[in-house]
Amino acid sequence: MSDINEPRLDLKSLPKEERLNRMRHSAAHVLAEAMVELMPEAELGIGPPIETGFYYDFRLPRPLTNEDLVWLDKRMNQSRKGKHRFQMAAISRAEAEERWAKQPFKLDLLKDIPDDGITQCTHAAFTDLCRGGHVNHTAEIGAFKLMSIAGAYWRGSEKNPMLQRVYGVLFETAEELAAHEQQIEDARRRDHRKIGRDLDLFALVDEIGPGHVIWLPAGATIRRELQRWIEDLEIDRGYQHVITPVVAKRELYVQSGHWDHYREAMYPVMEREGEEYVLRPMNCPSHIKVFQNDQHSYRELPLRIAELGNMHRWEKSGQVSGMSRVRIMTLNDAHIFCADIAQVESEVEGVLRLMEEVYGILGLKDYRYRLSLGDPDDTEKYVDNPPMWEAGETLLRDVLQRVGLEFYEAKGEAAFYGPKIDVEFKTASGKEETLVTVQVDFHLPAQFGLEYIAEDGARARPIIVHRGVISTMERMVALLIEEYEGAFPLWLSPTQVVVVPIADRHIPYAEEVAAALKAHRLRVDVDARGERMNAKIRDAQLRKVPYVLVVGDREAETQAAAVRARGGKDLGAMPVADIVAMLREERDTKALGR
Ligand code: TSB
Ligand code: ZN
């Protein structure tokens, strides 16, 4: 055995990331030290640093409990106070095999290490097989907390034994650790899956399948409002809406290139009477068939074909998540058939301006534009046609600059048929997610031999702009749930008003008030349950209903109601006619009401 200790490290001089990696790696050693004390029979796996902390895998004689975590955490803190040095040493294979003779996972790891590369790390009374990268001593490991226990197969393979993985978070300071915990707590509170359940917005049912969303009445109401709004905006901007089937012959997608480049994401083929059919993964080929249904002259271009189109994508099981990544989805889609580059430019500009308008009204701010480029070296993923990519990329870059939007560029993020501008949103959990996209496509027009009659009477090939604005209804509603924490602005709220009669004798008047509001298409419930008034008010608040109207004798006499806004603000008694006017104004202006 020979000592190979690094000279004393000046942690402060290291880049923060490396410093954190060393702290997290060292903390994993301290966790293993504590575990061996708790259960001397523990068999040790690996314990690497990870993004927000560290973990260690163990095979143990019994399942760990939360009490164990508390004990381990405490014991780790003791070890930290001990200021034990981490000491590296090179050892021979024979020494290693002897030391870990009763540690099958360590012996397994040893097989992959060359004779001259076997090193160990010792601190306090604990020694681990380790290639190094620690802090100087245990007092330098930072602020940590053991968080959870999970199952993990040895070396990630189901063929191997299942181990128990203990996770910890670790940051340099207690303040950073607290901020991280707060962030996790916020994300949990805002999680659309939780709020979606609590507010009965949608359901995911095992018998229907993962990623196949049921929109419950309240969620369907939100979706319908969004849908009406975006379709009206599109009609104003010259889009024409179509309705096309979700199933088509496999050939259609062979011709489009989806079969070659996108098959992995498609549901399998259905066969009947010698024909092969597929569920469509995208709407573009259907809209191309709309275009091809007629001859078009340059005068009709740009032709904007829109549809809330249902798409089906076989997202991998591990990736399907709530409503934000599903398998059956409805995209606020359109394909704009343009005569030339100048039209493409002005259409892309129009789309970007529409996006800005729409996100502004929804109150969304946490997003960035990304120019997503192809990769000339990857001809499997992308259509092989360098000049086409070049032209599309330059065009999109120019438009972004002209409109004055900030953006960044990313290689290898394009669609298989062309480059695109993606809108990248930051979700409540801090993850970036693509909300929508604008794509320039010279490829599909060529695949389908699209033509229009140009001004000089010759045949010319159009260029397609693919675009969404609201995104898929699923992803947008997931995002809005988290953005608003379930407290939707009035126009989107499933129930806009709850009328609460103070006593049973006020129920008829409550119904009268509700009817007056419903006459203006406001969504109103009367809470006629035999509960106490305060309980009803509290329930409405929990359901995030924007307004509660309380009615009793005085209100009935004066054709009024006592108004309480969400969040507890008391607006006092108001005549019913004034309430209607106030709510209509708030609804029709799509006020954020925050
Ligand atoms: C814009 N053909 C284009 C269309 O014309 C298209 O389908 N583009 S896409 O593949 O990028 O998908 C459009 C948007 O759908 C994406 O930007 C993304 O926000 C959303 N989306 C994609 N996959 C899923 C999914 N599994 N769940 C929810 N939304 C999704
Ligand atoms: Zn498309």
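The values are calculated or read from the model by the stated rules, or taken from the named source; none is laboratory data. Nothing here was measured: the structure is a model prediction, and the numbers come from that model. Virtual Cβ from ideal backbone geometry, glycine too; neighbours counted across all protein chains shown. We work out accessible area using only protein heavy atoms, side chains counted, and drop any ligands, DNA or RNA first. Shrake-Rupley method; radii C 1.70, N 1.55, O 1.52, S 1.80 Å.
Could you check how much of the accessible area of the chain is carbon and sulfur, as a whole percent, using a 1.4 Å probe?
C and S atoms contribute 48 percent here.
Give me the one-decimal nm value for the distance between modelled label points at Asp3 and Glu300, 7 Å along each residue's Cα-to-Cβ direction.
Placing both labels 7 Å beyond Cα along the Cβ direction yields 8.6 nm.
Probe of 1.4 angstrom, ligands and nucleic acids ignored: what's the accessible area per residue over the chain, in square angstrom?
Numbers: 28630 Å² over 594 residues.
That works out to 48 Å² for each residue.
Pairs of alpha-carbon atoms within less than 8 angstrom and 6+ residues apart define the contacts here; what relative contact order does the range 182-303 have, in percent?
Working: 78 pairs, mean separation 17.9, N = 122.
Computed over the range 182-303, the figure is 15 percent.
Specify which residue in the list Ala510, Val269, Ala581 is farthest towards the positive end of the charge dipole of the chain, using unit charges on the beta carbon of Lys, Arg (+1) and Asp, Glu (-1), about the Cα centre.
Ranked along the dipole, the leading option is Ala510.
Looking at the chain, which Cys residues are left with no other cysteine's beta carbon under 4.7 Å from theirs?
By the Cβ distance rule, which asks for a partner under 4.7 Å, the isolated cysteines are Cys284, Cys338.
Along the Cα-to-Cβ line of Tyr267, 7 Å from the Cα, sits a label point; which residues in the range 213-254 have backbone N less than 20 Å from it?
Output list for this probe position: 213-216, 243-254.
Viscosity 1.002 mPa s, temperature 20 °C: Stokes-Einstein D of the range 109-230 from its Kirkwood Cα radius, in µm² per second?
Values: Rh = 20.0 Å.
It diffuses with D of about 107 µm²/s by this estimate.
Which residues does the label zone of Leu60 cover in the range 13-53, counting backbone N under 16 Å from a point 7 Å along Cα→Cβ?
28-47
Each label point is 7 Å from the Cα along the Cα-to-Cβ direction; what then is the distance between the points at Arg197 and Ala503, in nm?
Taking the simple label geometry, Arg197 and Ala503 are separated by 4.2 nm.
Given H placed 1.01 Å from N in the peptide plane, which residues other than close sequence neighbours of His241 have an amide H under 5 Å from its amide H?
For His241, the qualifying residues are Ala306.
How large is the dipole of the range 119-272 about the Cα centre if only Lys and Arg carry +1 and Asp and Glu carry -1, each at its Cβ, rounded to the nearest 20 debye?
Details: 19 positive and 23 negative charges, 102 e Å.
Dipole of the range 119-272, to the nearest 20 debye: 500 debye.
Using only C-alpha positions, report the orientation-averaged shadow area of the convex hull of the range 356-498, nm², one decimal. Write down the numbers at each step before the final one.
Values: hull surface 46.8 nm².
If you wrap the Cα atoms of the range 356-498 in a convex hull and average its projections, you get 11.7 nm².
Just to be sure I understand the model, the point goes 7 Å from the Cα along the line to the Cβ. What's the resulting Ser346 to Ala94 distance in nm?
It is 8.6 nm.
Looking at Leu373, Gly363, Pro387, which one has the Cα that reaches farthest to the positive end of the dipole of the range 296-454 (charges on Cβ: Lys, Arg +1; Asp, Glu -1)?
The Cα lying farthest towards the positive end belongs to Gly363.
Within the set Lys83/Lys106; Lys83/Lys145; Lys194/Lys431; Lys249/Lys411; Lys74/Lys102; Lys16/Lys106, which residue pairs have Cα atoms separated by over 23 Å? Let's see the in-between values first.
On the way: Lys83/Lys106 26 Å; Lys83/Lys145 18 Å; Lys194/Lys431 17 Å; Lys249/Lys411 33 Å; Lys74/Lys102 27 Å; Lys16/Lys106 30 Å.
Check vs 23 Å cut-off fails for Lys83/Lys106; Lys249/Lys411; Lys74/Lys102; Lys16/Lys106.
Using only DSSP helix segments of four residues or longer, with each worth -39500 (n - 2.57), what per-residue ellipticity at 222 nm results for the chain after dividing by its residue count and rounding to 500?
Details: 18 runs with 215 residues, N = 594.
For the chain, the value works out to -11000 deg cm²/dmol.
The range 10-83: D in µm²/s via Stokes-Einstein (Kirkwood Rh, Cα pairs, 10 °C, 1.306 mPa s)? Let's see the in-between values first.
On the way: Rh = 13.2 Å.
For the chosen part, D equals 121 µm²/s.
When the chain is fully extended, how far beyond the present Cα-Cα distance does Ala152 get from Ala125, taking 0.36 nm per residue of separation? Intermediate results must be reported in sequence, preceding the final value.
On the way: separation 27, 0.36 × 27 = 9.72 nm, distance 2.70 nm.
Between Ala152 and Ala125, full extension yields 7.0 nm more.
Might you work out the accessible area of Leu303 for me, using a 1.4 Å probe with all protein chains in place, and round it to the nearest 10 Å²?
20 Å²
Suppose we take every Cα in the range 469-508 and form the convex hull; what volume per residue is that in Å³?
Working: hull volume 4.0 nm³, N = 40.
Considering the Cα atoms of the range 469-508, their hull volume per residue is 100 Å³.
Answer with one residue from Ala32, Gly309, Met162: the one whose Cα lies farthest towards the positive end of the charge dipole of the chain, charges on Cβ with Lys, Arg +1 and Asp, Glu -1.
Of Ala32, Gly309, Met162, it is Ala32.
Place a point 7 Å from the Cα of Glu380 along the Cα-to-Cβ direction; which residues of the range 235-270 have their backbone N under 14 Å from it?
Taking a point 7 Å out along Cα→Cβ of Glu380, the residues of the range 235-270 whose backbone N falls under 14 Å are 260-264.
Angle between the Cα long axis of helix 16-38 and the longest principal axis of the chain, 0 to 90 degrees, nearest 10?
For helix 16-38, the angle is close to 60 degrees.
Quick one: P(r) of the range 262-301 from all Cα-Cα pairs, 5 Å bins, percents rounded to integers, in order of increasing distance.
6, 17, 17, 18, 16, 11, 8, 7, 1
Give the aspartates and glutamates whose C-alpha is closer than 16 Å to that of Lys365, dropping any in the same chain fewer than 8 places away, or say none.
Answer for Lys365, where 16 Å is the Cα cut-off: Glu356, Glu357, Glu406, Asp422, Glu424, Glu432, Glu433, Glu482, Glu483, Glu485, listed by chain and number.
Going by the alpha-carbon gyration tensor, a ≥ b ≥ c the square roots of its eigenvalues, is the range 66-108 rounded (a/c under 1.5) or, if a/c is not under 1.5, prolate (a/b greater than b/c) versus oblate? Walk me through the numbers before you get to the answer.
Numbers: a/c = 4.81, a/b = 1.65, b/c = 2.92.
Oblate, since a/c reaches 1.5 and b/c is not below a/b.
Determine, from the Cβ-Cβ distance of Met162 and Ala458 and an R0 of 56 Å, the FRET efficiency 1/(1 + (r/R0)^6), rounded to the nearest 0.05.
Values: r = 68 Å, r/R0 = 1.22.
Approximately 0.25, to the nearest 0.05.
Subtracting the Cα-Cα distance from 0.36 nm times the residue separation, let me have the gained length for Ala573 to Val70 in nm, one decimal. Present the calculation step by step, with values, prior to reporting the outcome.
Numbers: separation 503, 0.36 × 503 = 181.08 nm, distance 5.35 nm.
Full extension of this stretch gives 175.7 nm more.
Given the C-alpha atoms of the range 35-76, compute the convex hull and give its volume per residue in Å³.
Considering the Cα atoms of the range 35-76, their hull volume per residue is 79 Å³.
I'm checking a number: the convex hull volume of the Cα atoms of the chain, normalised per residue, in Å³. What is it? Provide the component values of the computation, followed by the final result.
Working: hull volume 136.9 nm³, N = 594.
Per-residue hull volume (Cα only) is 230 Å³.
Could you work out the relative contact order of the chain, using alpha carbon pairs under 8 angstrom and six or more residues apart, expressed as a whole percent? Don't skip to the end; give the middle numbers.
Values: 1061 pairs, mean separation 60.5, N = 594.
Reported as a whole number, the value is 10 percent.
Taking the Cα centre of the range 358-509 as origin and charging only Cβ (+1 Lys, Arg; -1 Asp, Glu), how large is the dipole, in debye to the nearest 20? Intermediate results must be reported in sequence, preceding the final value.
Numbers: 15 positive and 25 negative charges, 116 e Å.
So the magnitude is around 560 debye.
Taking the Cα centre of the range 218-330 as origin and charging only Cβ (+1 Lys, Arg; -1 Asp, Glu), how large is the dipole, in debye to the nearest 20? Walk me through the intermediate numbers first.
Numbers: 16 positive and 16 negative charges, 66 e Å.
That gives a dipole near 320 debye.
For the range 35-140, take the alpha-carbon Rg, divide it by the Kirkwood Rh, and send me Rg/Rh.
Working: Rg = 14.4 Å, Rh = 15.0 Å.
Using Cα coordinates only, the ratio equals 0.96.
Please grab the % of Cα pairs in the range 153-292 that end up more than 24 Å from each other. Write out the running numbers ahead of the final one.
Details: 6369 of 9730 pairs.
For the range 153-292, the share of Cα pairs beyond 24 Å comes to 65 percent.
How high is the FRET efficiency between Arg224 and Glu451 when r is their beta carbon distance and R₀ equals 35 Å, given to the nearest 0.05?
Working: r = 38 Å, r/R0 = 1.09.
For Arg224 and Glu451, the calculated efficiency is 0.35.
Return the loop-located trypsin sites (Lys or Arg not before Pro) in the range 132-222 (DSSP other than H, G, I, E, B) with at most 10 other Cβ atoms within 10 Å of their own Cβ; answer none if there are none.
On the way: sites: Lys145, Arg155, Lys159, Arg165, Arg188, Arg189, Arg190, Arg193, Lys194, Arg197; in loops: Lys159.
Here the trypsin sites (Lys or Arg not before Pro) that fit, given the DSSP loop and packing criteria, are Lys159.
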